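Reading through the structure tokens given below for one structure.
The values are calculated or read from the model by the stated rules, or taken from the named source; none is laboratory data. Everything quoted here is computed from the prediction, not taken from an experiment. Cβ atoms come from the backbone with ideal geometry, glycine included; neighbour counts cover every protein chain shown.
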Amino acid sequence: MDKELPHSGQGITGTVLGALGIFLFFAAIAAAFLYHSYEADTEDIFSWIVYILVPDALIALAGFGISLKGLLNRERKKLFAVIGCLLNGLLIITLATIFMWYFNRKP
């Protein structure tokens, strides 16, 4: 009889980091809308939001790496590792797009 494989610990950690990163991303968007409702300077809004998104990008990179390591584990289920790679990968692409737009916009 086959032995049931446990879930990958790195995959679970990567998924949790991906969920945390997505939460921080939406918190930054909500903060931008709230901050904008006070009619503050637009430059101040963007610089303030970057302080949230840079750590978010680092969390997403770490989560992607940990999830990728979870995919390479033999003898473990890979469900959470795949979910972690997808969450963190989408977050990295989204944040990279935002950073490229922010740093290439005209003043």
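Remarks
- Only one of the numbered conditions (1) surrounded by 23 or more Cβ atoms within 10 Å (Cβ to Cβ); (2) farther than 17 Å from L20 by Cα is not met by G84, and that is (2).
- The listed residue being part of a helix (DSSP H, G or I), more than 16 Å from G11 (Cβ to Cβ), at pLDDT 80 or above and among the aromatic types (F, W, Y), out of F99, F64: F99
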